[in-house]
1. Which residues among the range A:604-625 fall inside the zone where the amide N is under 15 Å from a point 7 Å beyond the Cα of A:Ala640, along Cα→Cβ?
2. May I ask what percent, to the nearest 5, of DSSP beta bridges between residues of chain A are antiparallel?
3. For the residue pair A:Gln314 and A:His479, what label-to-label distance in nm results when each label sits 7 Å from Cα along the Cα-to-beta-carbon direction?
4. What does the net charge come to around A:Arg63 if you take all other residues with beta carbon closer than 15 Å to its beta carbon, with K and R at +1 and D and E at -1?
5. Where both partners of a DSSP beta bridge lie in the range A:180-286, what percent of those bridges are antiparallel, to the nearest 5?
6. For a paramagnetic label modelled at 7 Å from the Cα of A:Leu150 toward its Cβ, which residues of the range A:271-311 fall within the zone defined by backbone nitrogen distances under 16 Å?
7. Which net charge results for the neighbourhood of A:Pro605, defined as the other residues with beta-carbon distances under 11 angstrom from its beta-carbon, given Lys and Arg at +1 and Asp and Glu at -1?
8. On a C-alpha basis, how far is the centre of the range A:597-642 from the centre of the range A:215-234 in Å? Whole number, if you could?
Amino acid sequence: MTAAVSDAVAGLAVAPDPAGLSVPAPRIARVLVDSPLPQLDRLFDYRIPDNLRAGIVPGIRVRVPLRSAGRVADGYVIEIVDHGDYVGVLSDVEGIVSTVPVLSAEVAVLARRTADRAAGSAIDIVRVAVPGRQARVEKAWLVREAASPLPPVVAPSVAGYAEGAIEAVIRDRGRAAVDAVPLVTQLPSGVWVGEWAVAMSAAAAVSIAAGASAILALPDYRDQEQLEAALASVLPPERIVRLDARQSNPDRYRAFLRCIGDDALAIVGNRSVVYAPATTLGLIAVWDDGDPLHSEPLAPYVHTRDAALLRQEQQSCALLYFGHARSTEVERLVELGWLASVSPKPAVLPKVVPTAQQASNDRLAAQARIPSTAWRAAREALEFGPVLVQVARPGYAPRLACVDCGQSARCLRCEGPLAQKTARSVPACVWCGALAVDWHCDNCGGAKLRQVGSGATRTAEDLGRAFPGVRIIIADGDHPILGVGAEPALVIATRGAEPIAAGGYRAILLLDGERMVTRESLRVAEDCLRWWSNATALAARGATTYLVGVGGALASALTTWRQADFARAELADRRRLRFPPAVRVATVTGALEAVAKAVATVDVPADDILGPVDTGAGSVRTIIRFDYAAGTRVASSLRAEVIRAATGRRRAIAQRGARVPIAPNLRVRFDDVEPFLE
DNA sequence: AGCACGCCGACT
DNA sequence: GTCGGCGTGCTC
């Protein structure tokens, strides 16, 4: 049979349809190819050969030829059509990688839309959304026993808010910013968690009782542990799926496969969980959206908050942002009316006292940087239970300086700052880890180092002297501790690493506020308020939190527990300055000519083009800011330029004599968290 | 990316 | 006359 005849036969292939008529069988698979090249970020049409006709359905992974013979790529079948729009000779799908439709239609559309909004490739989102295949796991899943129906779920009420308030948002598929109740509570299992975890798990159960899954996105593993503990008291274990990047590949794939289907589940995970394959989706809930861990570090750098907004719109599910401190982004959505605002009822106001950084009468307390009122309060509270001390940095001495000239000490190898992990350890570079042996000051030539500031370990040492006989517990990145008991102890924790205390802390000291506030960032104030609020919410009911050394609007936002008001004022400032999130920003980085050309295609006022500035290595960066309404336009212009730069003529650059062709590189990043820094 | 196609200098 | 150099274009 000649190729022409075989084509004709294929063209006549028919499939019976239920009405008894015969229609031509669909024969073209439209495939999203798994390639990092931006110019390939579209659908390619492939003929489905007869032997694969039965197995090819949308969502499965396939292998397809790409360009010349022999070269193949993986891809996902997005749709199957009778007639594609490609005029030319189609290649055949080469094979099926897996028969499981891992890329649901919903997630495929979401990937396209999130990528478009960020001027990125859909496949980059898919790579985050769909874990790598594990043949063994998949085989076991395919032959799983006909699952007995999951036990029914009784919807609990979401306590702490006006009766039925949160339930109504979930039922009506609405959107809201929810202020969390700033208390800790004990679960029936005996585990202590933040009230927020109880409210979030109850919200998930409300959705699941109504037959729809809930996606629950949390910034870190400690938050995930709390939420899972809370979920276990309202849902049977078969209804809870953990899906996060820390799992081993088989575990992650097993969890991922469990999400496929119509069962209503609580799907818990970190940022990538917003792309979980839930078909019947009733709720997306995000905890603490201001935490930078919600910001995806891989291109196209889509924030959980933004992916959740797009998915909510697309699948008409409910959307809840839970938090103690409102981010300016969420505040903007509240002001727009896009999100409702729900606060605890009755209101719960923690006791917060701002304290000046004055010397204590007690020499040892003064050495530990604790003002006398706070020191007295901590000593009294230690009679009854644990006391939390929040510090800015881990280690012993977070910085070192030259004894002779006072200049801050830098690494001889990479210019990074030096720090000391313990009282006796050799100073080392914070950036590259090199031990600072034979160090000398590059300013005056001095060879002696002086410790500057106190990390958690040094604070612990000082406090040990100020409170003799008290048990000291250190919690930081190196010593993660989830919870501590109700017995008296001083818990020294770096911000964000505070353990939960059984019964809540009897007093809390926020020590390094002054230092935190001087950090250079557009978001300092917002971040500080979030760190302090999250720590304050760990106090026992009626216990006092002391904020040391910080005054002004920031301190009063904490003491009055009016974080939303602070976010409103902060957002008003950003509007005045045309800073995000009042406007959106995109950074364009690359060779000067490429950047200039790309920026020229974007139609924004000259005032909104900041740069170019030299970033070294022959590369420059320009920041473009624009109103939200212009987002689609700016993204599509810049995307076109990225593709043009990738396909256009290559610049020849001299490299050790040889001429190496390289593409004029052009990178675009939307909504960078810190575009105006550095 | 990676490979095929296309137009100009030193070779049997 | 042509073999092969790399600049250019394309991937169903």
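1. Output list for this probe position: A:604.
2. So the antiparallel bridges in chain A amount to around 50 percent.
3. Simple spin-label model gives 4.5 nm for this pair.
4. Within the 15 Å Cβ shell, the charges total +1.
5. Looking only at bridges with both residues in the range A:180-286, the antiparallel portion is about 20 percent.
6. Once the point is set 7 Å along Cα→Cβ of A:Leu150, A:276-285 turn out to lie under 16 Å by backbone N, inside the range A:271-311.
7. Surrounding charge for A:Pro605 is -2.
8. The range A:597-642 and the range A:215-234 have Cα centres spaced 39 Å from each other.
All of the numbers you see were taken from the coordinates with simple rules; none came from a lab. Here the structure is a predicted model, which is why all the values come from computation and not from measurement. Note: ideal-geometry Cβ built from the backbone for every residue, glycine included; neighbour counts use all protein chains shown.
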